[in-house]
Amino acid sequence: MKRGGIKSIGELVNATCREVGIETPLNEFRLIKAWSQVLGETVRRYTGDMYIRNQVLYVHVTSSVLRQELMMNRKIIVRRLNEHVRAQVITDIVLK
């Protein structure tokens, strides 16, 4: 049980990141790194540059067939990536 005023180290780190303004960039970095963990190594091999702008993940995909498959499952992928990071980082994915 927690006593009044006592916080865990994790809570203090999260609060400090929020105050300093690095929580969002840190979550974006974690989400991009999670791409291969969530979607697998095979998908990672066919994806190139990734970046996030205005809560949209932009991904370069080298296979048109894979691009179509990912487009059809976009909402599921967004949900799984956000769940993996435990934060609402992105709202959509654009596949190029």
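Once phi is turned into θ = phi - 60°, what whole-Hz ³J(HN,Hα) does the Karplus curve with 6.51, -1.76 and 1.60 give for every residue of region 63-79, x standing for Gly and Pro?
Calculated HN-Hα couplings, in order: 10, 5, 5, 5, 4, 4, 4, 5, 4, 5, 10, 3, 4, 5, 5, 4, 4 Hz.
Assuming 0.36 nm per residue, please report the length gained on full extension of the stretch residue 51 to residue 9 beyond their Cα-Cα distance.
Gain in length upon complete extension: 12.1 nm.
Could you check which residue among 31, 81, 12 shows the biggest mean-square fluctuation in a GNM of the chain with a 10 Å Cα cutoff?
Comparing 31, 81, 12 in the GNM, the peak value goes to 12.
Give the carbon-plus-sulfur fraction of the accessible surface of region 35-83 in %, rounded to a whole number; probe 1.4 Å, heavy atoms of protein chains only.
Roughly 47 percent, rounded to a whole number.
Each residue of region 88-96 in turn: what ³J(HN,Hα) in whole Hz from Karplus with 6.51, -1.76, 1.60 and θ = phi - 60°, glycine and Pro shown as x?
Values, residue by residue: 7, 9, 10, 10, 7, 10, 10, 9, 10 Hz.
From the phi of every residue in region 27-44, what ³J(HN,Hα) in whole Hz does the Karplus formula 6.51 cos²θ - 1.76 cosθ + 1.60 yield, where θ is phi - 60° and glycine or proline is x?
5, 5, 4, 5, 5, 5, 5, 7, 3, 6, 5, 7, 9, x, 5, 4, 5, 4
Evaluate the chain: find the radius of gyration of its Cα atoms, find its Kirkwood radius, and give the ratio Rg to Rh.
That ratio equals 1.10.
Mind checking which lysines have their Cα closer than 29 Å to the Cα of residue 7? Skip sequence neighbours fewer than 8 apart in that chain.
Once the sequence-local lysines are set aside, what remains near residue 7 is 33.
Ignoring ligands, DNA and RNA, what accessible area per residue does region 33-96 give at 1.4 Å, in Å²?
Per residue, region 33-96 has 64 Å² of solvent-accessible surface.
Less than 13 Å Cβ to Cβ from residue 75, Lys/Arg counted +1 and Asp/Glu -1: what total charge do the surrounding residues give?
Numbers: positive: 74, 79, 80; negative: 83, 92.
Summing Lys/Arg as +1 and Asp/Glu as -1 gives +1.
Gain in length, residue 30 to residue 92, computed as 0.36 nm per residue apart minus the alpha-carbon separation, to one decimal in nm?
Numbers: separation 62, 0.36 × 62 = 22.32 nm, distance 1.64 nm.
Using 0.36 nm per residue and subtracting the Cα-Cα distance, I get 20.7 nm.
The values are calculated or read from the model by the stated rules, or taken from the named source; none is laboratory data. Small disclaimer: the values here were computed from a predicted structure and weren't measured. Cβ coordinates were reconstructed from backbone atoms using ideal geometry, including for glycine residues, and neighbour counts include every protein chain displayed. Ligands, DNA and RNA are stripped out before the accessible areas are found, and what is left, the full protein with its side chains, is counted by its heavy atoms. Shrake-Rupley method; radii C 1.70, N 1.55, O 1.52, S 1.80 Å.
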